[in-house]
Each structure stands twice: as structure tokens, then as C-alpha cells.
Amino acid sequence: MSTRVALEVFRYRPEESEEPTFQTYEVDCPDDWVLLDALNHIKNEIDGTLSFRWSCRMGVCGSCGMNVNGDPVLTCATYCKDFADGPVRIEPLAHFPVIRDLVVDSTDFMDKIESVKPWIIREDEKPLEEGEYLQSPGELLDFKQYTLCINCMLCYAACPIYSRHNVFAGPAALAIGQRYNLDSRDEGEEDRRDVIFGPEGVWECTFVGDCTRVCPKHVDPAGAIQQAKARHLAWWAKKVLMPWGTK
Ligand code: FES
């Protein structure tokens, strides 16, 4: 079985025109095709000038995110047959500068991820011969969900705060910062505090929850941000009431 699907694809080739356009391609999509298969069919058989990113085709690399009929999705995890009833409009991920066609500039996203120092920070490293830093299954569960982020940027394309105010650190960066702050092996919370709890950090989030709705890995960045707020308030109250306790 196959379905004929009309794909209205965003085109932007700055060397030809400053204004983006849409180009429609009619594709016969077998039932097991995802939108990424249809785009690859267009690229290979119909129009080799179309540009888009992808790598794994299995929901792991996070590079095939696009806005489909207005919603950010992984195109390798979205079936063509679900659009049998009408045209499907494929656009670059919202809120990022477009480089060409469906390819966006991810520099701002990468800078924001780096700003939360997404690595284990130790005040003192123990010598290698003393072995690994052990962690109980319960301690792992505290943050495991937030390790599932694949940096696909869908949450930024869905976030109404980032859309209006792109200095906001954003859902993925804040969830990843929380992931490290909750890790029992980490001692770097103070090093992340300025970014995560600064003016562009968690307090900007109004808990709309669209980031969590579109997350293909069920990371729940909105939940991570609210959890971080509560953690910071507890730290702040302790600092005010028992200043010696935060030393
Ligand atoms: Fe890797 Fe879609 S191609 S997540």
C-alpha cells in the first residue's frame, strides 16, 4: 500500500532570492515511509538541490527536526500515511535562523547547552587508583530521565518564551543543567547557578509545557525547570535562615 502525499516544502536559497518560497512535490509514499524517506526520495529522484539534515534515521542523532504543519517533529519518526488527507507543509525548525532550505543555524542552541557546563564538575578529583565514583540505582533515577535528551532542538522550536526572547537559556539547556545538578557525583551546582538561576534562566519559564509535549524522548524539560526552581528556593531559604548551612 502507498499513499500519494503532497509535500509543500520550504525553500530558501539566498544566492537566488532573499525571500523564501514553498515548492510542492507529489510523492507516492509506501505505508512504512516516514517523512524523512519522502524527503530523501525528493533529493535522490526529483530535485537534488533540496537541502536538509539527517543522520541516523532512527530517532537518535536529533538532526532531522523540522516543523511539520506547524509542529516541531523528528521527520524520521513521523509517518507519511498520517498526512494522506491533505498537504503536509514542511518548514525549518521555528525560531532559528535559516541557512538554506530546511537547514537552520544551531550555533545559539549549542552555546546555550555549553553555558550550563554539561559535564561532571568535582572540587577534588580522586586518584584513578581509588576507582570510580559509585552511585546507587536510586541516585541514578534522580536524573536519568534528563540524560535522554538528543539535542534535537524541538523544544526550542515549540517554546513561546524562546520565540519572543531568544536570550532565554531554553528548555534543553536548563534540563541538562538540572541533570548534572542532580547527579550525586557532581559538585558543580555553584558554577552553573548564574546561568540556570540568572535573569535568562528558569524564572523566565511560564510553564506552558509545549517543550515537554513535543519532546520525542519524553525528557520533560518543563518538569525539570520547575524542579530546578523548587531546588533553588530551598537553597535560597536555607541561605537566608541558616547562612552557615550553605557553606
Ligand atoms: Fe537521527 Fe532523525 S535522523 S533523529
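The values are calculated or read from the model by the stated rules, or taken from the named source; none is laboratory data. These numbers were taken from a predicted model, which means no experiment stands behind them. In this analysis, Cβ positions are derived from the backbone assuming ideal geometry, glycine residues included, and neighbour counts consider all displayed protein chains.
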* Asked: Only one of (1) touching a strand residue (DSSP E or B) at 6+ places or on another chain (Cβ under 7 Å); (2) not in a loop (DSSP other than H, G, I, E, B) fails for Pro216. Which number is that?
  -> (2)
* Structure fact -> For the stretch 50-90 the number of residues that are free of Cβ contacts under 8 Å to residues at least 24 places away in the same chain and among the aromatic types (Phe, Trp, Tyr) is 1
* Structure fact -> By residue number, the members of the stretch 91-136 that are of a type in the set (A, V, I, L, M, F, W, C), without any contact (Cβ under 8 Å) to a residue 60 or more places away in the chain and in a helix (DSSP H, G or I) are Met110, Leu128
* Consider Glu130 against the criteria (1) away from the ligand (no atom under 14 Å from the Cβ); (2) surrounded by 15 or more Cβ atoms within 10 Å (Cβ to Cβ): it satisfies all of them except one. Which criterion is unmet? -> (2)
* To do: Starting from the stretch 194-223, keep only residues that are at positive phi and in contact (Cβ under 8 Å) with a residue 24 or more places away in the chain, then list their pairs with residues that are of a type outside the set (A, V, I, L, M, F, W, C) and assigned to a helix (DSSP H, G or I) whose Cβ atoms are within a distance under 7 Å, requiring at least 6 positions of separation or different chains.
  => Asp220/Gln145; Asp220/Thr212
* Search result, residues across the stretch 59-73 that are surrounded by fewer than 19 Cβ atoms within 10 Å (Cβ to Cβ), within 20 Å of Lys217 (Cα to Cα) and touching a strand residue (DSSP E or B) at 6+ places or on another chain (Cβ under 6 Å) -> Gly59
* Structure fact -> Filtering the stretch 45-64 down to residues that are near the ligand (Cβ under 6 Å from one of its atoms) and touching a Ser or Thr at 6+ places or on another chain (Cβ under 9 Å) yields Trp54, Ser55, Cys56, Cys61, Gly62, Ser63, Cys64
* Asked: Going by the conditions given, is Cys76 in a loop (DSSP other than H, G, I, E, B), in contact with a strand residue (DSSP E or B) (Cβ under 6 Å, 6 or more places away or on another chain) and modelled with pLDDT of 95 or more?
  -> no
* Asked: Which of the residues spanning the stretch 137-157 are away from the ligand (no atom under 16 Å from the Cβ), among the hydroxyl-bearing types (Ser, Thr, Tyr) and in contact (Cβ under 8 Å) with a residue 40 or more places away in the chain?
  -> Tyr146
* Structure fact -> Of the listed residues (Gly177, Gly245), the one being touching a Lys or Arg at 6+ places or on another chain (Cβ under 7 Å), modelled with pLDDT under 95, part of a helix (DSSP H, G or I) and away from the ligand (no atom under 16 Å from the Cβ) is Gly245
* Any idea which residue in the stretch 65-79 is nearest to the ligand (Cβ to nearest atom), counting only those that are under 22 Å from Glu26 (Cβ atoms) and hydrophobic (A, V, I, L, M, F, W, C)? -> Cys76
